[in-house]
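To keep things clear, I will list the structure first and then write my remarks on it.
The values are calculated or read from the model by the stated rules, or taken from the named source; none is laboratory data. In this text the structure is predicted, and so the values were computed from the model without any measurement. Note that we place each Cβ from the backbone using ideal geometry, even for glycine, and neighbour counts take in every protein chain shown. Accessible surface is based on the protein model in full, side chains and every heavy atom, while ligands, DNA and RNA are left aside. Shrake-Rupley method; radii C 1.70, N 1.55, O 1.52, S 1.80 Å.
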Amino acid sequence: MSRFLLPLLASLPLAASAQDGGQLFATYCAACHGANGEGAMNGQFPPLSGSPWPLGNPDRAIKIVLHGLQGPVEVNGRTWNLEMPPQGAALPDEHIAAILTYVRSSWGNKADAVTPDRVKSIRAALANRSESWKAPEILKLHPLELAPPLSDLISYVYDGTWKNPPDFTTLKPVATEEEHKGLISLKKVGKKDHFGVVWEGGLSLPADGDYEFLFDADDGGRLILDGKTLAEVKGIGPIDSRAVQVSEKSTKGPHKLRVEYYEFEGQEEIRVAWRKKGAPGWTWLSDAKSGGSAKKWPDIPIEATAGRTAIYRNFIKGTTARGIGFGFPGGVNLAWSADHLQPELIWTGKFMDGGHHWTDRGQGAEPPAGENVVALSSTETMPKDARFKGYKLDPKGNPTFATTIGSQRLLDSWKPGTLQGKPALVRTLTLVGQGNPLSLTLSDKTPVTLVSGSDYTLGSTTLLHLDAGKIETQGSSAILKLTPGQPVTVTYGWK
Amino acid sequence: MFNVGCSMFLLAGPALAGQEDYYLRQQIPTPPGEILELGSIALLPDKQIAVASRRGDIWICKGAYEDDLSKVTWKKFASGLHEPFGMFWKDGSIFLTQRPEVSRLTDDDRDGVADTYETVCDQWGINGDYHEYAFGTPPDKDGNIWVVLCLTGSGGAASDWRGWCMRVTPKGEMIPTCSGIRSPGGIGFNGEGDAFYTDNQGLWNGSSSLKWLKPGSFQGNPTGNKYHTLANLPAPPQPTDPSRMMVERKKFPDLMPPAVILPHGKVGNSPSGMACDTTGGKFGPWAKQMYVAEQTASQVQRINLEKVNGLYQGAVFHFLEGFEAGLVPIRQAEDGTLFVGGTNRGWASKGSQPFTFERVRWTGKTPFEILTMTATADGFELTFTAPVDPATAGNPASYGMAAWTYIYQSKYGSPEVDQATPKVTAATVSADNTKVRLKVDGRVQGHVHHLTASGVKSASGTGLWHPEGWYTLNEIPK
């Protein structure tokens, strides 16, 4: 639009001009769904192009635009867990209709226009609804009209005993079936051992560009695209042991996919998936996905480096929102609550995985990444006037937490050490300032039992050693009496 | 110097027509392999800059002011912080506002790595909801840090003091200061030292806006009102739903209308950090104006504020764009350099990189722009950055105006409603040709007034770089 037209247009009443769905989409939707409908930032947000969600019965999309969508949503085999804010209060019926009409007729999508009247009637019918939709709820009302992931899929079943991929083209199938669901599946083959299957079907790719394919089989097989073998799994062995991931440049539109599979004996499974190169999740062509072991987030291990203790301040499962994690060299770890002013979890092995909080928005709490997690406490046990003052790190990054209690100051120092020859946590408690001794709860979640002298057990896996004083049991609490000016060192070890 | 910089920039990527003539935008290399999703920037002595990432690391950079940015060096100062948004240097320490607390980090043994993580104030609630962000300022003239506390999930208030603005004194006391906050994106001060924050479109916010944190005021979202009982404060207003800001303002004197509405979709979608230009002309003629970063559109907008009848109001203009990620923190150095940082994790942005650290410098050439748009008794006065062509600037047909407001409601956002078409009936050019007084019939108090000045030419015949401005007319001067 040339600039000198603007003053003229500005004086036209807004409602008189036809709504430009593309312009409105660019303004209100494209930031997340992408100007090309493929999901912004290489698919960090769900696509509308090639997605069944905006197609078919338009009521599903109208309702989602009106009220928003929360929680996990699966599109073409990939799951996103974000929040789409409701737009019903911001966008009038005409705008929503124009936007959805644009979405339903762009980027290869083909579906009828949406009328403002339809938006109006749905808005009126749901006038009292204020909460966002969740995927299962709206899918129950309006199931997706799914195009099969593979079109015109045919399966050929063979009998035979193979420990390596045979040349199926020379073999005669014992059964041939049309697979209307378009999914690669072993469920209906009806055989356990000594068989093979070949699937042939059409795969439609959304754009020209680089793709990645994932192929895995128990026992083996081949993935062939347009006559080219992309991946091969040979020999016999379990799933997840020989998965192949390959990159391939391809073009927009239909392609011929051929999948060959053989099963020797024992367990059987096949997994096939594709994605645009670098996209965070896979689109599955098989009913078996990276199922039980499917991770929602990438691994981002956080660990002590160069002998320096790692710190992770975020939502750690098993302690409070103000939990502070410390991962010490040697594989001993601590989560200290700055709400309750006390240690709440200790564990061995890996410290934390940042993948959860450092991907997407960071919803929820992340459990410790390691083993032998011992819950020490999860309630407020310190006096009411106790205040957190922060922590100081020694040159190796080991913390001393400071808490004021009235005019006294409690210093709670932690560093790695050993107990009975194994890695341990060494904790030194010092009460500074005149006043009464402090009754400190060492644990009220896991029982402490005296073994002998100054050695105790903490639950079934952990050992406690005191260099001074003793632990008293009051109900389910293990109490250490701390006298001003008389530090006590407590060592936590694992059996 | 500028020639060298310009050619570097042009090599780095396609430039937006015009901007490179006036402002040189450059990405500052970040430490290799590190994910520096920037939430905070602090300017340190000796031309050092500290940045904090959403992953909780602080890195200190040397060389960010030099012409050759390839020689920038970095040192990690701290780690394990919980999403800091707001950081500054004072008395030899880095102070920052992180999700659970205001903290003071000090390098006691002077080895370049923080040793002491002192908790200055942690008296607000967090419950593990990712949306309970906290944004903090540099110190005000009394040394207080202003902190705005986002609602739980941006729609609830499940933890103490969510939806409130607090001042944290140098002694660590926490003073409840304003209620009615929804979902802040940044906080800072104007040239007079008054605190402002950006609040994002959503429940009770028809559009995103820049808001004045006048102590004792209610910023419009009643979700966190209940926490007034924690400090024996009077209950904040409970506005009628749905309504209009102008209607509710008359009922509740404490209800603070947005100082400058940033019309949703037109100016931006997610305003974030802010900086007030106190460099006295080292970044162009925008003295005391506010630069507001924008996450979704990867831009920086420019705002001129004025106070009319005791309330702030003013105009927003598009300014800088093309940043590589969604902008969040913004700081301006004494030499005029604007430092910005960005991230698009969890919230998409026009800039497609996952994170960025950039600087913008003025080339010394001033674009032909509306410098300020201020309200008068019968219209608006425009001040330009260069003398205008009296023929076009004096012709009312060179200007267009539209006005609207938003429904003030508990629902998410609002359409533009109550449209009006104020008419520019006269345009009077000042004797020195730098100002134009517009006589406007049909203005509406409380409305956003969208000015389009596409017909105005400078004395040398060029059009405006950005011919549009959006003025929020809370009050009409007498």
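Could you check the range A:294-334 and list, in sequence order, the residues that are over 16 Å from B:SER79 (Cα atoms), without any contact (Cβ under 8 Å) to a residue 60 or more places away in the chain, crowded, with 24+ Cβ neighbours inside 10 Å and not polar (S, T, N, Q)?
Answer for the range A:294-334, where residues must be over 16 Å from B:SER79 (Cα atoms), without any contact (Cβ under 8 Å) to a residue 60 or more places away in the chain, crowded, with 24+ Cβ neighbours inside 10 Å and not polar (S, T, N, Q): just A:ILE316.
Any idea which residue in the range A:335-352 is farthest from the other protein chains (Cβ to nearest Cβ), counting only those that are within 25 Å of the chain's Cα centre (by Cα) and surrounded by fewer than 22 Cβ atoms within 10 Å (Cβ to Cβ)?
Here the answer is A:GLY349.
Could you tell me how many of the residues in the range A:222-245 are in a strand (DSSP E or B) and exposed (fewer than 15 other Cβ atoms within 10 Å of the Cβ)?
Of the residues in the range A:222-245, 3 are in a strand (DSSP E or B) and exposed (fewer than 15 other Cβ atoms within 10 Å of the Cβ).
Go through the range B:54-82 and give me each residue that's touching a residue at least 40 places away in the same chain (Cβ under 8 Å), more than 18 Å from B:ASP107 (Cα to Cα) and open to solvent by less than 40 Å² (accessible area, probe 1.4 Å).
B:ARG54, B:ALA64, B:TYR65, B:LEU69, B:VAL72 - these are the residues of the range B:54-82 that are touching a residue at least 40 places away in the same chain (Cβ under 8 Å), more than 18 Å from B:ASP107 (Cα to Cα) and open to solvent by less than 40 Å² (accessible area, probe 1.4 Å).
So A:LEU425 passes all but one of these: (1) out of contact with any strand residue (DSSP E or B) (no Cβ under 7 Å at 6 or more places or on another chain); (2) buried (at least 17 other Cβ atoms within 10 Å of the Cβ); (3) at pLDDT 95 or above. Which condition number does it fail?
Result: A:LEU425 passes all but (1).
Taking the range B:201-226 as the region of interest, how many residues are open to solvent by 20 Å² or more (accessible area, probe 1.4 Å) and modelled with pLDDT of 95 or more?
So the answer is 6.
In the list B:VAL444, B:VAL436, which residue meets the criterion of being over 20 Å from B:GLY268 (Cβ atoms), open to solvent by 20 Å² or more (accessible area, probe 1.4 Å) and away from chain A (no Cβ under 13 Å)?
Answer to the check: B:VAL444.
Kindly list, by first and then second residue, each pair from a residue in the range B:192-211 that is closer than 12 Å to B:TYR408 by Cα to a residue that is at pLDDT below 95 and of a type in the set (A, V, I, L, M, F, W, C), limited to pairs with Cβ atoms under 8 Å and residues at least 6 apart or on different chains.
Every condition considered, the pairs that remain are B:GLN201/A:ALA90; B:GLY206/A:ALA90.
Pick from B:ASP194, B:ASP109: which is surrounded by fewer than 20 Cβ atoms within 10 Å (Cβ to Cβ) and either within 25 Å of the chain's Cα centre (by Cα) or under 22 Å from B:GLY341 (Cβ atoms) (or both)?
B:ASP194
In contact with a helix residue (DSSP H, G or I) (Cβ under 9 Å, 6 or more places away or on another chain) and either within 18 Å of B:VAL120 (Cα to Cα) or modelled with pLDDT under 95 (or both): which single residue out of B:PHE95, B:PHE9, B:PHE85, B:PHE2 fits that description?
Just a single option satisfies the conditions, and that option is B:PHE9.
Taking the range B:38-53 only, how many residues are open to solvent by 10 Å² or more (accessible area, probe 1.4 Å) and either more than 14 Å from B:ALA333 (Cα to Cα) or part of a strand (DSSP E or B) (or both)?
So the answer is 3.
What's the total number of residues in the range A:94-113 that are crowded, with 22+ Cβ neighbours inside 10 Å and without any contact (Cβ under 8 Å) to a residue 40 or more places away in the chain?
1
Mind checking whether some residue in the range A:400-411 is under 12 Å from A:TYR492 (Cα atoms) and either modelled with pLDDT under 95 or open to solvent by 10 Å² or more (accessible area, probe 1.4 Å) (or both)?
Within the range A:400-411, not a single residue is under 12 Å from A:TYR492 (Cα atoms) and either modelled with pLDDT under 95 or open to solvent by 10 Å² or more (accessible area, probe 1.4 Å) (or both).
With the structure loaded, tell me whether B:THR374 is β-branched (Val, Ile, Thr) and either within 30 Å of B:LYS478 (Cβ to Cβ) or not assigned by TED's automatic domain parsing to the domain that holds B:LEU96 (or both) or whether it fails that test.
Yes: the conditions hold for B:THR374.
What pairs come out if I take residues in the range B:393-418 that are within 24 Å of B:LYS250 (Cα to Cα) and facing another protein chain (nearest Cβ under 7 Å) and pair them with residues that are β-branched (Val, Ile, Thr) and open to solvent by 30 Å² or more (accessible area, probe 1.4 Å) whose C-beta lies under 7 Å away, six or more apart or interchain?
B:SER414/B:ILE407
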